[in-house]
Structures are given as C-alpha cells and as structure tokens.
Amino acid sequence: MPSLEAVCGRLFGRPGWIPKVLWGGALCFIPILNLFAFGYLLEYGRRVRHSNQWDLPEWREQDVPTLLVSGIRFLLLLLAFVGIPLLAGWLLSLLLLGLSFGMLGIIAYFPLAAAGFSAPFLFLASLHAYLEDDIFANSFQIQRVYRSALAYWPKLGLPVIAFWGIFLLALPLYGISFFLGVWVLIAYSTALQFAK
C-alpha cells in the first residue's frame, strides 16, 4: 500500500506544480470560472488513472470545452456527495440543537461533523466509479459508491482529516486550499486503487 508521504513526495517533488496550483486555486475563487478548475482536476484524475502520469498537465494544453463539461460533472458529484450530506448534517444538527433547547451545545453538531468526515469518501468513490469506465451514470450507483467508500475509509481517514484541517485553517485562501487538497486526495486515492 502506498503511503501518503510517498504520494506527496511524488507530487511536490517535481518542478512546476506551484504555478499550476495557483492558477487552479485562483479559478476556484471565481464563480462559473471555477468549473474550469474542477474540470482540470477531473481530467487530472483521468490522466493519472489511465496513463499513470502524476504531473499536473499544463493549463495551456487543455481543451476549454472538455474542461467545462468535466467541470460540470465534477460539480454535480460535489453537490450530490458533499453538498447533500453536509446540508442534511447541518439541518439535523440544528434540529438537535432546537429540540434540546441548546442544552447539548457543541454535541448537537455531531451529525454535521459526521457528514463532513464521510462526504470526501463518498465523493472520491463516485469520482473513481466514473473514471473507471468513463460512464458518468456509474458515479450515481449508490450501493457501489457506498461499498467503495467504506472499503477505503481506513486508508483515507488521515488524508481526509488533513484536508479538512488545511481547508478550514486556510479558509481565507479557500480556493487554493481546496484545489491543492483535492489534487492530493485524487492522487492518493488513485494510488490506493492501483495498489489493490
């Protein structure tokens, strides 16, 4: 099984990744244009999975319509497997807080924390279900995605906690921290799939 340190060494040890991440992170700040950054990440996942090329591709080599279509698909996966669980966890937390008249305090937010922890596993599992055969409908096979996410949670637990930690600590720079974190999660989860 590859280690997170080995994957990060492989990603960050190559020259030229900083400008590519800065471009992607900058695009993540801008609504609509963030679809191109999302598409870039999805295309990176496809590239790693199918041709085992770990370097981020050059931005100027990307096909704009392909990035846009991939970005919309990436956004749909984000909304379905991150947005919906976070919204459900938040509503359940508010309900618990209201029913307990605030007596539970921070404990009432456990459903939100649980949803936040599990959402990246579901998202990555759905992403890999899509990239496996390039059939977008596969990413919405809930049982398959759930089984895959469940199988990988022990190996991806620490990287997901690190992702949320970096994302929340660097919240003013959320575009860059999101882009960087998702890049590492896609690379590491793909490495774990290759190691099966």
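No lab work stands behind these numbers, since they all come straight from the coordinates. Owing to the predicted nature of the structure, the values given are computational and were not obtained by experimental measurement. Cβ placement follows ideal geometry from the backbone for every residue including glycine, while neighbour counts extend to all protein chains displayed.
The listed peptides 91-100, 51-60, 159-168, ordered by packing as a protection proxy, come out as 159-168, 91-100, 51-60 (highest mean of other Cβ atoms within 10 Å first).
A viscosity of 1.002 mPa s and a temperature of 20 °C, combined with the Kirkwood radius over Cα pairs in Stokes-Einstein, give a translational diffusion coefficient for the range 90-196 of 140 µm²/s. Here the peptides 2-9, 171-178 are ranked by packing, the mean other Cβ count within 10 Å, and the order with the highest first is 171-178, 2-9. Projection of the Cα convex hull of the range 1-82, averaged over all directions and equal to a quarter of that hull's surface, yields 6.2 nm². What the Cα convex hull of the chain gives, in volume per residue, is 127 Å³.
In the chain, which helices (entire DSSP H runs) extend 18 Å or more along their own long axis, judged by Cα positions, while averaging at least 0.5 on the Kyte-Doolittle scale? Helices meeting the span and hydropathy rule in the chain are 64-78, 84-99, 110-133, 142-169, 174-194. Across the chain, the mean sequence separation of Cα contacts (distance under 8 Å, 6 or more residues apart), normalised by length, yields a relative contact order of 28 percent. For the range 1-95, relative contact order (Cα pairs under 8 Å, six or more residues apart, normalised by length) works out to 28 percent.
Rounded to the nearest 20 debye, the dipole size of the chain about its Cα centre is 260 debye, using +1 on the Cβ of Lys and Arg and -1 on the Cβ of Asp and Glu.
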